[in-house]
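Colleague: Sharing a structure, written as structure tokens. Questions coming.
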């Protein structure tokens, strides 16, 4: 591997690396049919334009999910400090979490520890 020098080489590499590859239709025929003919490596507009749509204020789950994707806590709005170690999902589910989608859960607040007696 070597770094790309020209703008054309950079764009070609980005388009190639982000191209979805589906080699075995028998693996999931429904998914294969859904992906057939899709063009995911294209974009329109630029980042300087005004937003094309807004989230509805009433959709709290979606708003919480977007905040998480931005690295913010969905309730307090403070930056999230992610734990690099995976936590077994059974431990998460024991806390009666609220599913936010995409594998994210909102856990109930942690109670402060009582001072030693």
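The values are calculated or read from the model by the stated rules, or taken from the named source; none is laboratory data. Note that the structure is a prediction, hence the values are computed from the model and not measured. For neighbour counting, all protein chains shown are included, and Cβ atoms are generated from backbone atoms with ideal geometry for every residue, glycine included.
Colleague: Of the residues 115, 74, which is surrounded by 10 or more Cβ atoms within 10 Å (Cβ to Cβ), part of a loop (DSSP other than H, G, I, E, B) and at pLDDT 70 or above? Explain how you work it out, then say what you get.
Modeller: Details: 115 fails: surrounded by 10 or more Cβ atoms within 10 Å (Cβ to Cβ).
Exactly one of 115, 74 is surrounded by 10 or more Cβ atoms within 10 Å (Cβ to Cβ), part of a loop (DSSP other than H, G, I, E, B) and at pLDDT 70 or above, namely 74.
Colleague: Another question, if that's okay. Just to be sure I understand the filter: pairs with C-beta atoms under 8 Å, separated by 6 or more residues or on different chains, first member in region 75-96 and assigned by TED's automatic domain parsing to the domain that holds residue 64, second member exposed (fewer than 10 other Cβ atoms within 10 Å of the Cβ) and at pLDDT below 90. Which pairs pass?
Modeller: Cβ pairs passing all conditions: 95/108; 96/108.
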